[in-house]
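**Q** Let me begin by handing over the structure; questions about it come next.
Each value in this text was obtained by applying a stated rule to the coordinates, not by laboratory testing. Computed from a predicted model, the values in this text were never measured in an experiment. Cβ coordinates were reconstructed from backbone atoms using ideal geometry, including for glycine residues, and neighbour counts include every protein chain displayed.
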2 protein chains.
Amino acid sequence: MSLLFSRQCEYALQAVLYLAKTPSGKMTSIKELSAKLDIPYHYLAKILQSLAIKGLLLSEKGRTGGFALRIPVEHITLAQVIDAVDGPAIKHSCVMGFGECSEDNPCALHNEWVHLRTGLFDVLNDKNVIQLAREMKKPVYEMLA
Amino acid sequence: MSLLFSRQCEYALQAVLYLAKTPSGKMTSIKELSAKLDIPYHYLAKILQSLAIKGLLLSEKGRTGGFALRIPVEHITLAQVIDAVDGPAIKHSCVMGFGECSEDNPCALHNEWVHLRTGLFDVLNDKNVIQLAREMKKPVYEMLA
DNA sequence: TTAATTTCAGATAAATTACTCTTAATTAAA
DNA sequence: TTTAATTAAGAGTAATTTATCTGAAATTAA
Ligand code: FES
Ligand code: FES
């Protein structure tokens with residue numbers, strides 16, 4: 001099976017939203033993220049590290065270290081996260097696996113797929129992580145104050 | 001990267017639509033499908049075989065053998081193909097990778113995702129393969145008469 | 001009957017993705 | 001200054017997916 005995003009990307013999205021819900025200024029450790037979100041520790045470490053390298057997260061070593069969203073937080077979108085992890089291909093790939101996704105030579109699902117894709121990415125681009133995090137009701141994300 | 005369907009499923013969809021466009025009664029060989037659709041021969045063989053076992057395709061051995069859609073063709077949908085290859089999970093999985101996709105505990109993308117997913121599957125369920133095949137403009141699928 | 005062409009079946013290989021382990025570097029608290 | 005907690009980095013392993021290979025069985029055409 002396969003679902004829109006890679007596992008790695010799903011983990012990244014979950015983690016970024018978690019960081020979006022933590023009070024600004026506070027660093028969150030991999031340990032906490034891994035435990036709360038039930039993501040393999042070292043695997044998550046890699047993912048966060050790469051997001052830090054790509055400029056989406058801040059990281060700090062040492063005893064009070066951890067990760068936080070890079071400021072200004074309002075500028076971070078999930079679309080950026082997806083781009084950073086899975087790359088931009090999804091935005092112009094054919095859902096049936098044909099070489100190119102084109103208006104001129106559409107596959108049988110083209111219209112529906114383009115509609116879905118643009119609808120989703122509109123949300124992903126237009127709302128920042130803070131806004132999206134607010135809409136979540138997953139228990140793990142509560143009581144982070 | 002990852003995109004809605006597994007590679008195997010993409011191949012299956014492409015092949016089934018190809019069969020939907022061939023004149024009824026005619027059997028199409030793996031060789032032709034593999035060449036026209038540019039899908040690895042033996043891999044495709046496996047996929048078609050499994051679709052035949054699951055009752056979506058008819059197969060015939062021997063010199064004039066090949067595959068064709070099982071009749072009545074009008075009852076075959078791409079949703080069935082997807083179900084047969086990737087399984088039903090996609091229809092109730094969380095796009096962000098959380099354990100369950102629920103209305104009560106929605107993730108940040110739940111509303112958008114559910115809306116888009118149901119829209120897509122409405123098409124996949126309501127239109128049969130003949131109807132969908134007609135909408136294609138991919139060159140490979142032309143001149144099959 | 002023979003040869004050619006096809007699917008069927010199972011084993012194997014390659015590639016990709018997911019995950020783990022270990023050690024080093026850094027920082028702050030004890 | 002020592003110790004504990006943390007990220008950084010890179011190598012290594014496991015699991016899954018994708019693809020290949022080989023030979024047998026079936027069927028038709030010559
Ligand atoms: S051509 Fe297939 S989705 Fe656009
Ligand atoms: S809870 Fe995530 S898509 Fe429904």
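**Q** Using only alpha carbon positions, build the gyration tensor of segment A:7-142, then give the equivalent ellipsoid semi-axes as the square roots of 5 times its eigenvalues, largest first, whole angstrom.
**A** Working through the eigenvalues yields semi-axes of 32, 15, 13 Å.
**Q** Let me ask something else about it. Just checking chain B: which Cys have no other cysteine's beta-carbon under 4.7 Å?
**A** Within chain B, the cysteines lacking a partner Cβ under 4.7 Å are B:C9, B:C107.
**Q** Right, another one. Can you pull out the trypsin sites (Lys or Arg not before Pro) in segment A:49-114 that DSSP calls coil and that have at most 15 other Cβ atoms within 10 Å?
**A** A:K54, A:K61, A:R63
**Q** To the nearest 20 debye, what charge dipole does the protein assembly as shown have about its Cα centre, counting +1 at the Cβ of each Lys and Arg and -1 at the Cβ of each Asp and Glu?
**A** For the protein assembly as shown, the charge dipole is close to 800 debye.
**Q** Where the centre of each part is set by its Cα atoms, how far does segment A:78-92 sit from segment B:4-62, in angstrom?
**A** 31 Å
**Q** Return the lysines within reach of A:K137: Cα separation strictly under 30 angstrom, same-chain partners fewer than 8 residues apart disregarded; answer none if there are no such residues.
**A** Within the straight-line cut-off, A:K137 pairs with A:K21, A:K26, A:K31, A:K36, A:K46, A:K54, A:K91, A:K127, B:K91.
**Q** If you don't mind, another one. For B:A35 and A:Y41, FRET efficiency with R0 = 45 Å and r from the beta-carbon atoms, rounded to 0.05?
**A** Computed FRET efficiency for A:Y41 and B:A35 comes out at 0.40.
**Q** Rounded to the nearest 500, what is the 222 nm mean residue ellipticity of the protein assembly as shown from helices alone, with -39500 (n - 2.57) per DSSP H run of 4+ residues and division by all residues?
**A** -14500 deg cm²/dmol
**Q** Taking amide hydrogens as modeled 1.01 Å from N in the peptide plane, which residues meet the under 5 Å criterion relative to A:L58, leaving out close sequence neighbours?
**A** Correct list: A:A68, A:L69, A:R70.
**Q** Computed FRET efficiency, Cβ-Cβ of A:Q131 and B:I53, R0 30 Å: what is it to the nearest 0.05?
**A** For A:Q131 and B:I53, the calculated efficiency is 0.05.
**Q** Just to confirm the filter: which GluC sites (Glu not before Pro) across segment B:90-145 are DSSP coil and have at most 14 other Cβ within 10 angstrom of their Cβ?
**A** Passing sites in segment B:90-145 are B:E100, B:E103, B:E142.
**Q** Can I ask one more? Which residues in segment B:48-86 have a backbone N closer than 18 Å to a point placed 7 Å from the Cα of B:K26 along the Cα-to-Cβ line?
**A** In segment B:48-86, the label zone of B:K26 (backbone N under 18 Å from the point 7 Å along Cα→Cβ) covers B:58-60, B:63-71, B:73.
**Q** I've got another one for you. What is the dipole size for segment A:37-145, taken about its Cα centre, with +1 at each Lys and Arg Cβ and -1 at each Asp and Glu Cβ, in debye to the nearest 20?
**A** About 660 debye.
**Q** Would you mind giving the mean number of other chain beta-carbons within 10 Å of the Cβ of each residue in A:123-134, as a whole number?
**A** What the average comes to for A:123-134 is 2.
**Q** Can you compute 3J(HN,Hα) from phi for each residue in segment A:93-104, using the Karplus curve 6.51 cos²θ - 1.76 cosθ + 1.60 with θ = phi - 60°, rounded to whole Hz and x for Gly and Pro?
**A** Each residue of segment A:93-104 in turn: 9, 7, 5, 9, x, 6, x, 10, 9, 10, 6, 6 Hz.
**Q** Continuing with this model, one more query. Counting pairwise Cα distances across the protein assembly as shown, what percent come out greater than 33 angstrom?
**A** Percentage above 33 Å: 34.
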